[in-house]
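S.K.: Dropping the structure in here first, questions after.
The values are calculated or read from the model by the stated rules, or taken from the named source; none is laboratory data. Fair warning: this is a prediction, and the values are worked out from it, not measured in the lab. Cβ placement follows ideal geometry from the backbone for every residue including glycine, while neighbour counts extend to all protein chains displayed.
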Amino acid sequence: MLSFVVRRIITTIPVMAFVALFVFSLLYIAPGDPAAIIAGDQASPADVERIRASLGLDRPYLVRFAEWSFRVIQGDLGTSIFTNLPVTQLIAQRIEPTLSLMVLTLIFAVVVAVPMGVVAAWKAGSWVDKAAMGFAVLGFSVPVFVVGYLLAYLFALKLDWLPVQGYTPIAQGFWPWLRNLILPAVTLGLVYIALIARITRATMLEVLQQDYVRTAQAKGVAQKDVLFLHSLKNAAVPIVTIIGIGIALLIGGAVVTESVFAIPGLGRLTVDAILRRDYPVIQGVVLMFSLVYVLVNLLIDLTYTLVDPRIRY
Amino acid sequence: MDRRTFLKSATGAGMAAATGGLAMPALAQSPAKTLRFVPQANLANFDPIWGTQYVVRNAAALVWDTLYGIDSKFQPQRQMVETEEVSSDGLTWTFKLRSGLKFHDGTPVTSKDVVASLVRWSARDPMGLMLRAIQVELAPVDELTWKWSLKQPFPKMLLALAKNNAPCSFVMPERIAKTDPFTQITEYIGSGPMKFLRNDWVPGAKAVFEKFADYKPRSEKADWLAGGKNILVDRVEWVIMPDAATAAAALQNGEVDWWETPLADLVPVLKGHKDINVDIGDPLGNVGAFRMNHLFPPFNNLKVRQAVLTALNQEDYMRAVVGDDDKLWKPLPGFFTPGTPLYTEEGGDILKKRNVAEAKKLLAESGYKGEPVVCVVAQDMAATKSMGDVTASLLKSIGMNVDFVATDWGTVGSRRAQKTPPGQGGWSMFHTWHAGADCINPAAYTAIRANGDKAWFGWPDVPAVETEVTNWFNAKDLAEEKAAMGRLNKAAVENVVFAPTGFYLGYQAWRKNVTGVVSGPLPFFWDVKKG
């Protein structure tokens, strides 16, 4: 197991190096000029050129890439062109809201979707199944921002139960923190619920056909135990896989959700940076998300050993 | 610990947290003396000389004071300055600061700070550059006095120091002002009425300002950037909201107090809310612009430019930008801001009535051979997107070959600086808008300049325009200024420096428990009270 983990961590190095090269190159060839944005409309071309030079954007590609890579290896993601703040500080300012949103969404989605998928498979073809799958289709089909607006309209504007926007750090209290995140987490969670519920149902349908399930039922094992102890455990590997893959969905969805609910998270940081061509921030955030994704995949692989003892590394 | 004890303590802790027993106030529950404001854009940097975005200027006006301030009659009034004196030949200006002014770090404001600030500002500002070009000496005389000697008179000196167009001549401590004007400052210390709380700044989310207790306001009543800047709240929090619908909901829900630029589509909802006031934000509005590239075909041909101007119907553009609300737009047969003292329509008849047949005739006479018109249109700005759609239709209607490049503002910002032909990474036209405050006269109106290579993007070269700009700068009285402006407008229309697509305004909205909000070219926080 340890050697597997070490091996996997070592393999992340070329992956991260490729991501770094790809992102840097993509931004290099992409149109747009942060110096022109900084200079503003009153600036002369000479002013723009001086700003570009002061930011080091006029230097050759290879020199810039080498400098940036050298700093990244040392853990320095550079300094934002616009805010003049270190990228690591900007990420640190934004990581808590995004992490909170993702964790809460994950918990909410798994708690709702897995039982929903199990029950839908158990009652396959019934109205319960159709309702669950109808909900799943809705979750896939309705854009995140529409769900967000509808929920905000109902629960914030009409009922006045929850705030429309913002984020309160957990250090300022659990309820204020949760209060700000309920609507965003439900909004973001719907598509995730749809995904997990459908996979859970499909996998469970297959497992429920197995001989050992029939044997358990014949032995008189309680239905909930058949479903949740015998069947779900054997259906867990694909479900865990899809939960992991869904993290990427969450990262993408967080961008929209954070905008709709004005949450100062990494998603908004990324969009703002892209619109302004704040290259160090874009590079830093993409690199960090890539690392997170690689680590999540490693975690999923390790989780397999917990849910299926036949899997060993 | 047994199971029962554990459950009891866990429940207790959970209840305490859930009821806020462990909690600090959330954003929506901030103290009553905190004014929460949704600005027009993100405050991504905070150096008003290095970056000249309006949002930076607006925040900077809270933190840094100016020597003079422009009032609602467009007159420069003393602000940090106690007295000024100009020599009889107009070549030497001597200024004296008000005594007792302090920076936020407690140090006194001195003439050395002023001189260093003016040096930095004048390296970036168009009027500052004009002053530099004729400068003999800018130096402190004593602790509170400084002198500016020139080679030739500069009648617009006070306007240059008072103007609200970015970059404004904000006064910073000498050590900060000595930063290269093309490098960002790292300390945000001014002598303005509010302090910037750097540690609370989350770019893209929040910026916080706190009342500066040692600020010494003038005794006169506040009038835009002039007069006594009395702050009546403890804190001003800028809450950045990229989504207009969210901002509208937050205002309705009382989570924010004041929204600088509500989307026109959402205004009817806000107007219908019992706790919200809605009124015009900036009375100087914006001038929509169809900017043409004068270097390459087809717009290097005057007749093609005139053809576009002849076919252009400003109402089409304005309806696309502001919708059906007639209070929000005006036709603009010229280039200058309506309702301001120097406004003129001289020579603007061509813009008053659309004539497609005449436009087609002009196009035929121009020898236009169907060259593609590369329209570089930013889709992430509502105004440019709307104007771009109208333009594509307009150009096609007179028989032009449109190559529509839908892109974002970041790309437009860099592409418009390209002087290569349109087919090789260059461009033929793009849309933008100019703040009406910049268009009240030629002082800060870089887009009206037509000095070829040195002109704004599109690089028009029209000596008649430049002559009148010079005449305006040298004008000795209002009558001379008006005459120069009339001739300038006429020359700019005749030569189509750019095509104005109309004049439009925007609303601002605020909760009814907030008083003292005024219409102005930027949000003024002085005299604004909450509760």
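S.K.: Check B:Lys352, B:Lys361 and return the single one that is within 30 Å of B:Asp282 (Cβ to Cβ) and not aromatic (Phe, Trp, Tyr).
M.R.: Sole residue among the options that is within 30 Å of B:Asp282 (Cβ to Cβ) and not aromatic (Phe, Trp, Tyr): B:Lys352.
S.K.: Using the structure shown, decide if B:Arg175 is surrounded by fewer than 23 Cβ atoms within 10 Å (Cβ to Cβ) and within 19 Å of B:Trp121 (Cβ to Cβ).
M.R.: Yes: the conditions hold for B:Arg175.
S.K.: Only one of (1) under 24 Å from A:Ser25 (Cβ atoms); (2) surrounded by 17 or more Cβ atoms within 10 Å (Cβ to Cβ) fails for A:Thr303. Which number is that?
M.R.: Against the list (1) under 24 Å from A:Ser25 (Cβ atoms); (2) surrounded by 17 or more Cβ atoms within 10 Å (Cβ to Cβ), A:Thr303 comes up short only on (1).
S.K.: In this structure, is B:Ala450 without any contact (Cβ under 8 Å) to a residue 12 or more places away in the chain, aliphatic (A, V, I, L, M) and either buried (at least 20 other Cβ atoms within 10 Å of the Cβ) or within 12 Å of chain A (Cβ to nearest Cβ) (or both)?
M.R.: no
S.K.: I would also like to ask the following. So is A:Ile247 of a type outside the set (S, T, N, Q), within 12 Å of A:Thr105 (Cβ to Cβ) and surrounded by fewer than 24 Cβ atoms within 10 Å (Cβ to Cβ) or not?
M.R.: Taking the combined requirement at face value, the residue satisfies it.
S.K.: For segment A:157-178, which residues satisfy the criterion of being among the aliphatic types (A, V, I, L, M) and surrounded by 24 or more Cβ atoms within 10 Å (Cβ to Cβ)?
M.R.: Correct list: A:Val164 only.
S.K.: Output the residues belonging to segment B:476-514 that are touching a Leu at 6+ places or on another chain (Cβ under 9 Å) and among the polar types (S, T, N, Q).
M.R.: B:Asn495, B:Thr501
S.K.: Which of (1) surrounded by fewer than 22 Cβ atoms within 10 Å (Cβ to Cβ); (2) free of Cβ contacts under 8 Å to residues at least 24 places away in the same chain is the odd one out, the single condition A:Leu232 does not satisfy?
M.R.: Among (1) surrounded by fewer than 22 Cβ atoms within 10 Å (Cβ to Cβ); (2) free of Cβ contacts under 8 Å to residues at least 24 places away in the same chain, the lone unmet condition for A:Leu232 is (2).
S.K.: Here is a follow-up. Can you pull out the residues in segment B:425-436 that are within 12 Å of another protein chain (Cβ to nearest Cβ) and either of a type outside the set (A, V, I, L, M, F, W, C) or in a helix (DSSP H, G or I) (or both)?
M.R.: The answer is B:Gly425, B:Thr432, B:His434.
S.K.: Against the definition (surrounded by fewer than 20 Cβ atoms within 10 Å (Cβ to Cβ), in contact (Cβ under 8 Å) with a residue 40 or more places away in the chain and closer than 20 Å to A:Val286 by Cβ), how does A:Phe65 come out, yes or no?
M.R.: Yes; evaluated as a whole, the condition is true for this residue.
S.K.: If you check A:Arg64 against the conditions, is it more than 9 Å from chain B (Cβ to nearest Cβ) and within 30 Å of B:Trp201 (Cα to Cα)?
M.R.: yes
S.K.: Exactly one of these conditions fails for A:Gly139: (1) under 30 Å from A:Arg198 (Cα atoms); (2) within 14 Å of another protein chain (Cβ to nearest Cβ); (3) surrounded by 14 or more Cβ atoms within 10 Å (Cβ to Cβ); (4) under 20 Å from the mean Cα position of the chain (by Cα). Give me its number.
M.R.: (2)
S.K.: Has segment A:68-90 got any residue that is crowded, with 18+ Cβ neighbours inside 10 Å, more than 9 Å from chain B (Cβ to nearest Cβ), among the aliphatic types (A, V, I, L, M) and part of a helix (DSSP H, G or I)?
M.R.: yes
S.K.: In this structure, is A:Leu181 of a type outside the set (Lys, Arg) and either surrounded by 21 or more Cβ atoms within 10 Å (Cβ to Cβ) or under 17 Å from the mean Cα position of the chain (by Cα) (or both)?
M.R.: It is true that A:Leu181 is of a type outside the set (Lys, Arg) and either surrounded by 21 or more Cβ atoms within 10 Å (Cβ to Cβ) or under 17 Å from the mean Cα position of the chain (by Cα) (or both).
S.K.: Limited to segment B:27-52, what total is found for residues that are farther than 14 Å from B:Met241 by Cβ, modelled with pLDDT of 85 or more and within 10 Å of chain A (Cβ to nearest Cβ)?
M.R.: The number of residues fulfilling the criteria is 5.
S.K.: Moving on to the next point. Would you mind stating whether B:Gly192 is among the small types (Gly, Ala, Ser), under 26 Å from B:Val114 (Cα atoms), surrounded by fewer than 23 Cβ atoms within 10 Å (Cβ to Cβ) and more than 14 Å from chain A (Cβ to nearest Cβ)?
M.R.: no
S.K.: Could you grab me the full set of residues in segment A:14-35 that are touching a Phe, Trp or Tyr at 6+ places or on another chain (Cβ under 7 Å) and more than 14 Å from every other protein chain (Cβ to nearest Cβ)?
M.R.: Scanning segment A:14-35 gives a single hit, A:Phe24.
S.K.: If the requirement is being assigned by TED's automatic domain parsing to the domain that holds B:Arg57, over 27 Å from A:Thr79 (Cα atoms) and in a loop (DSSP other than H, G, I, E, B), which of these qualifies: B:Asn165, B:Asn230?
M.R.: Just one listed residue meets the conditions, B:Asn165.
S.K.: Here is a list of conditions, (1) within 14 Å of chain B (Cβ to nearest Cβ); (2) in contact (Cβ under 8 Å) with a residue 60 or more places away in the chain; (3) under 30 Å from A:Ala156 (Cβ atoms); (4) part of a helix (DSSP H, G or I), and A:Ala262 meets all of them except one; can you say which number that is?
M.R.: Here A:Ala262 meets the rest and fails (4).
S.K.: So in segment B:453-465, with the set limited to residues that are assigned to a helix (DSSP H, G or I) and more than 11 Å from chain A (Cβ to nearest Cβ), which one is surrounded by the most Cβ atoms within 10 Å (Cβ to Cβ)?
M.R.: Only one residue tops the list, namely B:Val465.
S.K.: Check B:Val239, B:Val278, B:Val202, B:Val256 and return the single one that is farther than 18 Å from B:Ala59 by Cβ and not polar (S, T, N, Q).
M.R.: Criteria check complete, one pass: B:Val278.
S.K.: So, one more: Looking at A:Val286, A:Val281, which one is in contact (Cβ under 8 Å) with a residue 60 or more places away in the chain, in a helix (DSSP H, G or I), crowded, with 21+ Cβ neighbours inside 10 Å and of a type in the set (Val, Ile, Thr)?
M.R.: A:Val281
S.K.: Return yes or no: is A:Gly56 at the interface with chain B (Cβ under 7 Å from one of its Cβ atoms) and part of a loop (DSSP other than H, G, I, E, B)?
M.R.: no
S.K.: Has segment B:341-350 got at least one residue that is closer than 19 Å to B:Val390 by Cβ and in the same structural domain as B:His431 (by TED's automatic domain parsing)?
M.R.: Among the residues of segment B:341-350, at least one is closer than 19 Å to B:Val390 by Cβ and in the same structural domain as B:His431 (by TED's automatic domain parsing), which makes the answer yes.
S.K.: Additional query: Scan B:Val469, B:Val462 and give me the residue that is β-branched (Val, Ile, Thr) and in contact with a Leu (Cβ under 9 Å, 6 or more places away or on another chain).
M.R.: B:Val469
S.K.: I need the full set of residues from segment B:53-89 which are more than 17 Å from B:Trp224 (Cα to Cα) and either touching a helix residue (DSSP H, G or I) at 6+ places or on another chain (Cβ under 7 Å) or surrounded by fewer than 20 Cβ atoms within 10 Å (Cβ to Cβ) (or both), in order please.
M.R.: B:Glu82, B:Thr83, B:Glu84, B:Glu85, B:Val86, B:Ser87, B:Ser88, B:Asp89
S.K.: Residues of segment B:236-264 being out of contact with any Lys or Arg (no Cβ under 7 Å at 6 or more places or on another chain), outside any loop (DSSP other than H, G, I, E, B) and not hydrophobic (A, V, I, L, M, F, W, C), which ones?
M.R.: B:Thr246, B:Gln252, listed by residue number.
S.K.: Here's another thing I want to ask about it. Tally the residues that are touching a residue at least 40 places away in the same chain (Cβ under 8 Å) and in a strand (DSSP E or B), restricting the search to segment B:196-215.
M.R.: Count: 3.
S.K.: May I ask you to list the residues in segment B:199-248 that are over 23 Å from B:Ile276 (Cα atoms), within 14 Å of chain A (Cβ to nearest Cβ) and modelled with pLDDT of 95 or more?
M.R.: Those that are over 23 Å from B:Ile276 (Cα atoms), within 14 Å of chain A (Cβ to nearest Cβ) and modelled with pLDDT of 95 or more: B:Ala207, B:Val208.
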